[in-house]
1. Ignoring ligands, DNA and RNA, how do C44, C148 rank by accessible area with a 1.4 Å probe, largest first?
2. Roughly how big is the chain's charge dipole about its Cα centre, with Cβ charges of +1 (Lys, Arg) and -1 (Asp, Glu), in debye to the nearest 20?
3. List every residue whose amide H lies under 5 Å from the amide H of L137, counting only residues 5 or more places away in sequence or on a different chain, with H placed 1.01 Å from N in the peptide plane.
4. For the chain, what relative contact order do you get, as a whole percent, if you take Cα pairs closer than 8 Å and at least 6 residues apart?
5. Which whole-Hz ³J(HN,Hα) couplings does the stretch 191-197 yield from phi under the Karplus relation 6.51 cos²θ - 1.76 cosθ + 1.60, θ = phi - 60°, glycine and proline marked x?
6. As an exercise, use a Förster radius of 25 Å and the Cβ-Cβ distance of H193 and S89 to find the FRET efficiency, rounded to the nearest 0.05.
7. Using only the C-alpha atoms of the stretch 80-175, find the volume of their convex hull and express it per residue in Å³.
8. For the stretch 85-102, what does the Karplus curve 6.51 cos²θ - 1.76 cosθ + 1.60, with θ = phi - 60°, yield as ³J(HN,Hα) per residue in whole Hz, taken in order and with x for Gly and Pro?
Amino acid sequence: MKRPSRYSARLSASATLPIVAIVLALATPPATAQDGARLAAQLCVACHGVHGDSQSPMFPKLNGQTRDYLVAQLKGFGQHQRSESDARSYMWAIASQLDDATIASLADYYAQQAPTAGSAGDAALVAEGQKIFEQGLSEKGVPACASCHGAQGQGNGQFPRLAGQHAEYLMRQIEVFQNGTRANAPVMSAVAHTLGKEDAKAVTAFLQSR
Ligand code: HEC
Ligand code: HEC
(Lines give C-alpha, C1' and ligand atoms only; values in the text may rest on other atoms or scores of the structure.)
(Ligands and ions follow the chains in the order given, each with its own letter.)
Protein backbone atom coordinates (compact mmCIF):
# COMPACT_ATOMS: atom_id res chain seq x y z
CA MET A 1 0.00 0.00 0.00
CA LYS A 2 1.32 3.47 -0.89
CA ARG A 3 1.47 6.15 1.77
CA PRO A 4 -0.18 9.50 0.86
CA SER A 5 2.40 11.50 -1.12
CA ARG A 6 2.08 14.56 1.15
CA TYR A 7 3.36 12.40 4.02
CA SER A 8 6.36 11.02 2.11
CA ALA A 9 7.30 14.49 0.83
CA ARG A 10 7.38 15.82 4.39
CA LEU A 11 9.30 12.78 5.61
CA SER A 12 12.03 13.04 3.00
CA ALA A 13 12.40 16.81 3.48
CA SER A 14 13.02 16.38 7.19
CA ALA A 15 15.49 13.55 6.58
CA THR A 16 17.45 15.72 4.13
CA LEU A 17 17.73 18.82 6.33
CA PRO A 18 20.58 17.68 8.62
CA ILE A 19 22.65 16.67 5.58
CA VAL A 20 22.06 20.10 3.99
CA ALA A 21 23.27 21.76 7.21
CA ILE A 22 26.42 19.61 7.18
CA VAL A 23 27.14 20.36 3.54
CA LEU A 24 26.73 24.11 4.17
CA ALA A 25 29.02 24.02 7.22
CA LEU A 26 31.66 22.22 5.18
CA ALA A 27 31.32 24.30 2.00
CA THR A 28 34.49 26.28 2.63
CA PRO A 29 38.13 25.92 1.51
CA PRO A 30 40.07 22.90 2.89
CA ALA A 31 39.92 22.64 6.69
CA THR A 32 42.77 23.96 8.83
CA ALA A 33 43.53 23.34 12.50
CA GLN A 34 41.44 26.36 13.58
CA ASP A 35 38.50 25.00 11.60
CA GLY A 36 38.33 22.04 13.99
CA ALA A 37 37.01 24.28 16.76
CA ARG A 38 34.45 25.95 14.48
CA LEU A 39 33.20 22.70 12.97
CA ALA A 40 33.03 21.01 16.37
CA ALA A 41 30.87 23.89 17.63
CA GLN A 42 28.61 23.70 14.56
CA LEU A 43 28.32 19.98 13.94
CA CYS A 44 29.25 17.99 17.03
CA VAL A 45 28.41 20.05 20.14
CA ALA A 46 24.71 19.11 20.26
CA CYS A 47 25.59 15.51 21.07
CA HIS A 48 29.20 15.46 22.27
CA GLY A 49 28.97 18.57 24.46
CA VAL A 50 31.03 21.75 24.73
CA HIS A 51 34.70 20.93 23.92
CA GLY A 52 33.66 17.26 23.73
CA ASP A 53 32.82 17.05 27.44
CA SER A 54 29.55 15.18 26.88
CA GLN A 55 27.10 15.22 29.78
CA SER A 56 25.06 12.20 28.64
CA PRO A 57 26.24 8.57 28.67
CA MET A 58 24.56 8.14 25.29
CA PHE A 59 27.39 10.21 23.78
CA PRO A 60 31.09 9.46 24.38
CA LYS A 61 33.38 12.19 25.67
CA LEU A 62 35.87 13.27 23.04
CA ASN A 63 37.95 15.78 25.04
CA GLY A 64 41.50 14.55 25.53
CA GLN A 65 40.95 11.50 23.33
CA THR A 66 44.04 10.47 21.35
CA ARG A 67 44.36 12.00 17.89
CA ASP A 68 45.11 8.74 16.03
CA TYR A 69 42.13 6.98 17.59
CA LEU A 70 39.78 9.86 16.70
CA VAL A 71 40.99 9.83 13.08
CA ALA A 72 40.58 6.04 12.86
CA GLN A 73 37.03 6.16 14.31
CA LEU A 74 35.83 8.96 12.03
CA LYS A 75 37.19 7.05 9.01
CA GLY A 76 35.66 3.83 10.35
CA PHE A 77 32.22 5.47 10.58
CA GLY A 78 32.54 7.22 7.21
CA GLN A 79 33.56 4.00 5.46
CA HIS A 80 30.87 2.02 7.33
CA GLN A 81 33.43 -0.28 8.98
CA ARG A 82 32.42 0.51 12.58
CA SER A 83 28.92 -0.81 12.33
CA GLU A 84 27.14 -1.29 15.68
CA SER A 85 23.60 0.10 15.51
CA ASP A 86 24.30 3.38 17.36
CA ALA A 87 27.24 4.03 15.03
CA ARG A 88 24.94 3.54 12.03
CA SER A 89 22.17 5.71 13.47
CA TYR A 90 24.26 8.60 14.75
CA MET A 91 27.67 8.70 13.07
CA TRP A 92 27.57 7.17 9.57
CA ALA A 93 25.83 10.02 7.75
CA ILE A 94 27.80 12.84 9.32
CA ALA A 95 31.20 11.11 9.09
CA SER A 96 30.72 10.24 5.42
CA GLN A 97 30.60 14.02 4.72
CA LEU A 98 34.04 14.67 6.26
CA ASP A 99 37.16 14.67 4.07
CA ASP A 100 40.61 13.74 5.41
CA ALA A 101 41.64 17.36 6.14
CA THR A 102 38.42 18.00 8.06
CA ILE A 103 38.83 14.77 10.04
CA ALA A 104 42.40 15.81 10.90
CA SER A 105 41.26 19.26 12.08
CA LEU A 106 38.51 17.80 14.28
CA ALA A 107 40.85 15.17 15.73
CA ASP A 108 43.50 17.82 16.49
CA TYR A 109 40.88 19.98 18.18
CA TYR A 110 39.43 17.28 20.45
CA ALA A 111 42.84 15.76 21.28
CA GLN A 112 43.94 19.20 22.54
CA GLN A 113 40.96 19.70 24.87
CA ALA A 114 41.71 18.95 28.52
CA PRO A 115 40.13 15.69 29.65
CA THR A 116 37.54 15.93 32.43
CA ALA A 117 38.31 14.32 35.78
CA GLY A 118 36.04 11.39 36.50
CA SER A 119 33.34 11.18 39.15
CA ALA A 120 33.67 8.83 42.11
CA GLY A 121 31.71 5.57 42.08
CA ASP A 122 30.99 2.66 44.43
CA ALA A 123 34.31 2.21 46.29
CA ALA A 124 34.33 -1.62 46.37
CA LEU A 125 33.42 -1.90 42.68
CA VAL A 126 36.02 0.71 41.73
CA ALA A 127 38.75 -1.15 43.70
CA GLU A 128 37.85 -4.43 42.01
CA GLY A 129 37.89 -2.69 38.61
CA GLN A 130 41.27 -1.11 39.30
CA LYS A 131 42.75 -4.55 39.94
CA ILE A 132 41.41 -5.87 36.63
CA PHE A 133 42.62 -2.77 34.82
CA GLU A 134 46.14 -2.94 36.23
CA GLN A 135 46.70 -6.70 36.53
CA GLY A 136 44.04 -8.48 34.48
CA LEU A 137 42.56 -11.77 35.71
CA SER A 138 45.05 -14.49 34.86
CA GLU A 139 42.68 -17.35 35.78
CA LYS A 140 40.14 -16.12 33.21
CA GLY A 141 42.65 -15.05 30.55
CA VAL A 142 41.78 -11.34 30.95
CA PRO A 143 44.83 -9.24 30.03
CA ALA A 144 45.72 -6.09 31.97
CA CYS A 145 43.92 -3.23 30.23
CA ALA A 146 46.75 -0.89 31.26
CA SER A 147 49.19 -2.75 29.00
CA CYS A 148 47.49 -1.20 25.95
CA HIS A 149 45.41 1.71 27.28
CA GLY A 150 48.20 3.18 29.47
CA ALA A 151 48.86 3.03 33.22
CA GLN A 152 46.31 5.81 33.88
CA GLY A 153 43.89 4.79 31.10
CA GLN A 154 45.10 7.88 29.25
CA GLY A 155 45.44 6.07 25.91
CA ASN A 156 48.25 6.18 23.38
CA GLY A 157 47.95 6.45 19.59
CA GLN A 158 45.50 3.81 18.32
CA PHE A 159 44.71 2.76 21.90
CA PRO A 160 41.94 5.06 23.14
CA ARG A 161 41.78 7.01 26.38
CA LEU A 162 39.28 5.27 28.64
CA ALA A 163 39.84 7.34 31.82
CA GLY A 164 36.90 9.61 32.69
CA GLN A 165 34.64 8.12 29.98
CA HIS A 166 30.97 7.39 30.81
CA ALA A 167 30.77 3.86 32.29
CA GLU A 168 27.51 3.19 30.42
CA TYR A 169 29.12 4.04 27.10
CA LEU A 170 32.11 1.78 27.87
CA MET A 171 29.74 -1.08 28.84
CA ARG A 172 27.86 -0.69 25.54
CA GLN A 173 31.15 -0.89 23.64
CA ILE A 174 32.22 -4.06 25.46
CA GLU A 175 28.83 -5.53 24.49
CA VAL A 176 29.16 -4.60 20.81
CA PHE A 177 32.70 -6.01 20.69
CA GLN A 178 31.28 -9.22 22.19
CA ASN A 179 28.24 -9.50 19.91
CA GLY A 180 30.35 -8.82 16.84
CA THR A 181 28.56 -5.70 15.59
CA ARG A 182 31.57 -3.39 16.23
CA ALA A 183 33.49 -5.67 13.94
CA ASN A 184 36.46 -3.56 12.85
CA ALA A 185 38.50 -4.03 16.04
CA PRO A 186 39.75 -7.65 16.20
CA VAL A 187 42.27 -7.09 19.02
CA MET A 188 39.82 -5.45 21.40
CA SER A 189 37.05 -7.90 20.42
CA ALA A 190 39.28 -10.79 21.51
CA VAL A 191 39.92 -9.03 24.84
CA ALA A 192 36.18 -8.34 25.34
CA HIS A 193 35.37 -12.05 24.97
CA THR A 194 37.44 -12.77 28.09
CA LEU A 195 35.36 -10.34 30.21
CA GLY A 196 32.35 -11.49 32.21
CA LYS A 197 29.53 -9.03 32.84
CA GLU A 198 30.47 -8.40 36.49
CA ASP A 199 34.14 -7.87 35.56
CA ALA A 200 33.09 -5.42 32.84
CA LYS A 201 30.90 -3.50 35.31
CA ALA A 202 33.77 -3.21 37.78
CA VAL A 203 36.37 -2.08 35.27
CA THR A 204 34.05 0.49 33.65
CA ALA A 205 33.11 1.88 37.10
CA PHE A 206 36.84 2.25 37.82
CA LEU A 207 37.45 4.01 34.48
CA GLN A 208 34.58 6.47 34.93
CA SER A 209 36.05 7.40 38.33
CA ARG A 210 39.48 8.38 36.91
C1 HEC B 1 23.25 13.27 16.66
C2 HEC B 1 24.25 13.07 17.68
C3 HEC B 1 25.71 13.09 17.21
C4 HEC B 1 26.36 14.07 16.49
C5 HEC B 1 25.78 15.34 15.89
C6 HEC B 1 27.74 13.66 16.42
N7 HEC B 1 27.93 12.47 17.08
FE8 HEC B 1 29.68 11.44 17.29
N9 HEC B 1 28.70 9.93 18.25
C10 HEC B 1 27.37 9.93 18.58
C11 HEC B 1 27.04 8.67 19.25
C12 HEC B 1 25.68 8.23 19.77
C13 HEC B 1 28.25 7.94 19.32
C14 HEC B 1 28.45 6.56 19.92
C15 HEC B 1 28.16 5.52 18.88
C16 HEC B 1 28.15 4.14 19.46
O17 HEC B 1 27.81 3.97 20.63
O18 HEC B 1 28.44 3.25 18.73
C19 HEC B 1 29.28 8.77 18.69
C20 HEC B 1 30.60 8.39 18.57
C21 HEC B 1 31.61 9.21 18.11
C22 HEC B 1 33.02 8.90 18.12
C23 HEC B 1 33.64 7.62 18.68
C24 HEC B 1 34.16 7.91 20.09
C25 HEC B 1 34.79 6.73 20.73
O26 HEC B 1 35.17 6.85 21.91
O27 HEC B 1 34.91 5.67 20.11
C28 HEC B 1 33.68 9.96 17.57
C29 HEC B 1 35.18 10.09 17.36
C30 HEC B 1 32.68 10.94 17.21
N31 HEC B 1 31.43 10.47 17.54
C32 HEC B 1 32.98 12.17 16.65
C33 HEC B 1 32.01 13.10 16.24
C34 HEC B 1 32.34 14.33 15.57
C35 HEC B 1 33.74 14.82 15.25
C36 HEC B 1 31.14 14.96 15.30
C37 HEC B 1 30.92 16.24 14.54
C38 HEC B 1 31.49 16.27 13.19
C39 HEC B 1 30.09 14.10 15.83
N40 HEC B 1 30.66 12.98 16.40
C41 HEC B 1 28.73 14.40 15.79
C42 HEC B 1 26.45 10.94 18.31
C43 HEC B 1 26.71 12.09 17.58
C1 HEC C 1 46.12 -5.82 23.38
C2 HEC C 1 45.71 -4.42 23.54
C3 HEC C 1 44.45 -4.15 24.34
C4 HEC C 1 44.16 -4.57 25.61
C5 HEC C 1 44.96 -5.48 26.52
C6 HEC C 1 42.90 -3.95 25.94
N7 HEC C 1 42.44 -3.17 24.90
FE8 HEC C 1 40.72 -2.08 24.87
N9 HEC C 1 41.12 -1.46 22.98
C10 HEC C 1 42.26 -1.81 22.26
C11 HEC C 1 42.21 -1.17 20.96
C12 HEC C 1 43.25 -1.27 19.85
C13 HEC C 1 41.01 -0.42 20.93
C14 HEC C 1 40.50 0.45 19.78
C15 HEC C 1 39.70 -0.40 18.84
C16 HEC C 1 39.38 0.34 17.56
O17 HEC C 1 40.30 0.72 16.86
O18 HEC C 1 38.20 0.53 17.29
C19 HEC C 1 40.37 -0.62 22.22
C20 HEC C 1 39.13 -0.05 22.57
C21 HEC C 1 38.50 -0.24 23.78
C22 HEC C 1 37.20 0.31 24.14
C23 HEC C 1 36.34 1.22 23.29
C24 HEC C 1 36.61 2.66 23.69
C25 HEC C 1 35.76 3.68 22.98
O26 HEC C 1 35.99 4.88 23.22
O27 HEC C 1 34.88 3.31 22.20
C28 HEC C 1 36.94 -0.14 25.41
C29 HEC C 1 35.69 0.14 26.22
C30 HEC C 1 38.05 -0.94 25.84
N31 HEC C 1 39.00 -0.99 24.84
C32 HEC C 1 38.15 -1.53 27.09
C33 HEC C 1 39.20 -2.36 27.50
C34 HEC C 1 39.26 -3.01 28.79
C35 HEC C 1 38.21 -2.88 29.88
C36 HEC C 1 40.40 -3.76 28.80
C37 HEC C 1 40.92 -4.69 29.89
C38 HEC C 1 40.03 -5.75 30.31
C39 HEC C 1 41.06 -3.54 27.51
N40 HEC C 1 40.31 -2.67 26.77
C41 HEC C 1 42.25 -4.15 27.15
C42 HEC C 1 43.29 -2.63 22.68
C43 HEC C 1 43.37 -3.26 23.90
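The values are calculated or read from the model by the stated rules, or taken from the named source; none is laboratory data. Since this is a predicted model, take the numbers as computed values, not measurements. Note that we place each Cβ from the backbone using ideal geometry, even for glycine, and neighbour counts take in every protein chain shown. These area figures cover heavy atoms from the full protein model, side chains too; ligands, DNA and RNA do not enter into them. Shrake-Rupley method; radii C 1.70, N 1.55, O 1.52, S 1.80 Å.
1. Values: C44 20, C148 50 Å².
The ranking, largest first, comes out as C148, C44.
2. Roughly 800 debye for the chain.
3. V142
4. Answer for the chain is 23 percent.
5. 4, 4, 5, 7, 8, x, 4
6. 0.50
7. 132 Å³
8. 5, 5, 5, 4, 5, 9, 10, 4, 5, 5, 5, 6, 8, 9, 7, 4, 5, 5
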